[in-house]
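Encoded as structure tokens, the structure appears first; notes follow it.
The values are calculated or read from the model by the stated rules, or taken from the named source; none is laboratory data. No experiment lies behind these values; they were computed from the predicted model shown. Reconstructed Cβ throughout: ideal geometry from the backbone, glycine too, with neighbour counts over all protein chains shown.
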Amino acid sequence: MSATEASTTGTPTTDTSPSEAVPSAVHFGAEDLPFVDIGDGSKLKVIQVDTAYELWIVENIFQADYVVQRHRHTGPVYAYTTSGAWKYQEYEYVNRAGSFLFEPTGSTHTLECIEDDTHVWFQMYGQNLNLDADGNVESVFDGPGTLEGYYLLCEAEGRPRPNVLVS
């Protein structure tokens with residue numbers, strides 16, 4: 001396989017030459033990693049976790065009225081919506097298909113989905129500090145913990161362990 005070709009299995013491949021090994025692109029097809037149910041018919045797919053960068057990339061499918069607990073980010077977040085609509089309860093704007101959202105470190109909000117089958121891709125750095133009504137940290141979500149939860153949900157659904165990109 002040449003360096004310009006990507007794996008179709010989500011497995012990193014390399015193109016080796018006599019002098020050095022050059023890493024190749026990693027490709028995941030739409031069906032290579034499964035979505036798992038996270039409640040109320042909403043779903044999660046973990047795509048990548050890089051512990052050195054505290055990076056975690058996930059894709060969600062949310063159903064209307066699904067709410068993510070109020071939380072504060074310890075790193076920046078990039079979100080891209082491909083279908084449906086969602087918002088933060090604290091703001092007026094609505095994220096719809098084609099919307100891009102940047103959340104700076106320290107941003108605090110409560111995600112609420114307002115349409116069924118809302119697809120959102122999140123690239124997050126750091127942790128989500130989940131807050132109680134008084135603003136106290138109640139729990140912490142991060143890439144490694146989310147990955148472990150994803151593996152457990154896959155197992156509970158009778159799925160094999162997915163080949164998430166982990167470094």
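Can you tell me which residue within the range 60-71, out of those that are in a strand (DSSP E or B) and crowded, with 18+ Cβ neighbours inside 10 Å, is nearest to the chain's Cα centre (by Cα)?
In this case the residue turns out to be N60.
All but one of (1) touching a residue at least 24 places away in the same chain (Cβ under 8 Å); (2) surrounded by fewer than 16 Cβ atoms within 10 Å (Cβ to Cβ) hold for E92; state the number of the condition that does not hold.
(1)
When you scan the range 125-135, do you find a residue that is more than 23 Å from G39 (Cα to Cα), surrounded by fewer than 16 Cβ atoms within 10 Å (Cβ to Cβ) and assigned by TED's automatic domain parsing to the domain that holds L55, even just one?
There is at least one residue in the range 125-135 that is more than 23 Å from G39 (Cα to Cα), surrounded by fewer than 16 Cβ atoms within 10 Å (Cβ to Cβ) and assigned by TED's automatic domain parsing to the domain that holds L55.
Tell me yes or no: at least one residue of the range 107-114 is closer than 25 Å to D32 by Cα, surrounded by 15 or more Cβ atoms within 10 Å (Cβ to Cβ) and modelled with pLDDT of 95 or more.
Checking the range 107-114: not a single residue is closer than 25 Å to D32 by Cα, surrounded by 15 or more Cβ atoms within 10 Å (Cβ to Cβ) and modelled with pLDDT of 95 or more.
Given the conditions (1) buried (at least 19 other Cβ atoms within 10 Å of the Cβ); (2) within 27 Å of N136 (Cα to Cα); (3) out of contact with any helix residue (DSSP H, G or I) (no Cβ under 7 Å at 6 or more places or on another chain), and given that P76 satisfies all but one, which numbered condition is not satisfied?
It is condition (1) that P76 fails.
Which of the residues belonging to the range 9-59 are of a type in the set (S, T, Y), modelled with pLDDT of 95 or more and in contact with a strand residue (DSSP E or B) (Cβ under 6 Å, 6 or more places away or on another chain)?
Across the range 9-59, the qualifying residue is only S42.
For the list (1) under 21 Å from I38 (Cα atoms); (2) surrounded by 15 or more Cβ atoms within 10 Å (Cβ to Cβ); (3) in contact with a Gly (Cβ under 8 Å, 6 or more places away or on another chain), I need the number of the one condition that L153 fails.
Here L153 clears every test but (3).
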